[in-house]
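Data block below; observations after.
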Amino acid sequence: MTIESLLPFIKEIDRLKKIERQALIHNGGRRENSAEHSWHLAMTVLVLEKTSPEKIDIAKAVKMALLHDIVEIDAGDTMVYGDLSNKKDSEAAALERIMGLLPETIANEFKSLWNEFEEGVSPEAKFVSAIDRFMPIFSNYLNEGYSWKNHKVTVDKVVAKCQPPISEGLPKLWKVTERMLEESVAAGHLAR
């Protein structure tokens with residue numbers, strides 16, 4: 001393996017910066033991109049490590065955070081409240097193509113981590129998934145429900161999609177989330 005053999009992958013992942021998400025950056029200036037989200041998620045995983053209810057391998061958790069949305073290069077961002085019917089197939093194809101740019105040993109490690117995150121069974125996957133589901137809620141809380149309003153999302157939808165992974169992976173975070181949701185409903189930023 002040479003450095004030159006890794007450059008095509010490094011070049012390709014730069015495309016994640018062009019994938020716009022529904023959430024605004026926290027100051028509300030523009031929509032965030034998937035690369036920014038992945039970095040922000042990884043940093044939040046580091047910051048919240050000591051709050052995990054289970055012992056986690058922090059290096060593994062950070063890798064999951066950085067890899068979890070890499071498939072959006074091909075598959076695009078799919079809002080958790082939207083149509084998810086083609087998500088699994090399009091993301092699987094994207095994972096194979098993008099990881100095909102890497103030597104087999106690295107590709108296998110990255111695919112294994114990505115799949116582990118998707119399965120959501122390991123302590124690291126549960127922890128990262130909890131934070132991943134929280135981040136858009138926090139963004140909407142700070143931006144007066146920007147994407148909730150644009151997509152007519154109700155508090156019941158947020159709870160249905162986000163409560164299970166957040167409360168399972170980081171129960172203390174769900175308590176914070178509930179307060180944010182209540183405040184958002186009371187302020188008219190999230191529909192009942």
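Only one of these is of a type in the set (D, E, K, R), over 18 Å from K111 (Cβ atoms) and at pLDDT 95 or above: E36, E12, E72, E32. Name it. Break it down into steps so the answer makes sense when it comes.
Details: E12 fails: over 18 Å from K111 (Cβ atoms); E72 fails: over 18 Å from K111 (Cβ atoms); E32 fails: at pLDDT 95 or above.
Exactly one of E36, E12, E72, E32 is of a type in the set (D, E, K, R), over 18 Å from K111 (Cβ atoms) and at pLDDT 95 or above, namely E36.
Count, please, the residues in region 1-42 that happen to be part of a helix (DSSP H, G or I), open to solvent by less than 80 Å² (accessible area, probe 1.4 Å) and free of Cβ contacts under 8 Å to residues at least 24 places away in the same chain.
Qualifying residue count, region 1-42: 3.
Just to be sure before I move on: is A65 free of Cβ contacts under 8 Å to residues at least 24 places away in the same chain, of a type in the set (A, V, I, L, M), closer than 25 Å to D14 by Cβ and in a helix (DSSP H, G or I) in the structure I sent?
Against the criterion (free of Cβ contacts under 8 Å to residues at least 24 places away in the same chain, of a type in the set (A, V, I, L, M), closer than 25 Å to D14 by Cβ and in a helix (DSSP H, G or I)), A65 does not qualify.
Which numbered condition in (1) open to solvent by less than 60 Å² (accessible area, probe 1.4 Å); (2) within 21 Å of K50 (Cα to Cα); (3) in contact with a Ser or Thr (Cβ under 8 Å, 6 or more places away or on another chain) is the only one that T177 fails?
Status for T177: all satisfied but (3).
Looking at region 143-174 only, could you name the residues that are in a helix (DSSP H, G or I), open to solvent by 10 Å² or more (accessible area, probe 1.4 Å) and without any contact (Cβ under 8 Å) to a residue 60 or more places away in the chain?
To start, the set of residues in region 143-174 that are in a helix (DSSP H, G or I) comprises 146-150, 155-169, 171-174.
Then keep just the ones that are open to solvent by 10 Å² or more (accessible area, probe 1.4 Å); that gives 146, 149-150, 155-157, 159-161, 163-165, 167-168, 171-174.
Scanning region 143-174 gives K149, V155, D156, V159, A160, Q163, P164, P165, S167, E168, W174.
Among the candidates A107, A75, which residue alone is in contact with a Ser or Thr (Cβ under 7 Å, 6 or more places away or on another chain), open to solvent by less than 60 Å² (accessible area, probe 1.4 Å) and either within 14 Å of F9 (Cα to Cα) or among the small types (G, A, S) (or both)?
Residue meeting the stated conditions: A75.
Starting from region 68-94, take each residue that is in contact (Cβ under 8 Å) with a residue 40 or more places away in the chain and list its partners that are assigned to a loop (DSSP other than H, G, I, E, B) and open to solvent by 50 Å² or more (accessible area, probe 1.4 Å), counting only C-beta distances under 8 angstrom and pairs at least six apart or across chains.
So the pair list comes out as M79/H151; Y81/H151; G82/H151.
So which residues in region 68-98 are basic (K, R) and either farther than 18 Å from S129 by Cα or not in a helix (DSSP H, G or I) (or both), if there are any at all?
R97
The values are calculated or read from the model by the stated rules, or taken from the named source; none is laboratory data. Treat the numbers as computed from the prediction; the structure is a model and nothing was measured. Methodologically, a virtual Cβ is constructed for each residue, glycine included, from the backbone with ideal geometry; neighbour enumeration extends over all protein chains shown. Calculation scope for accessible area: heavy atoms of the full protein, side chains included, ligands and nucleic acids excluded. Shrake-Rupley method; radii C 1.70, N 1.55, O 1.52, S 1.80 Å.
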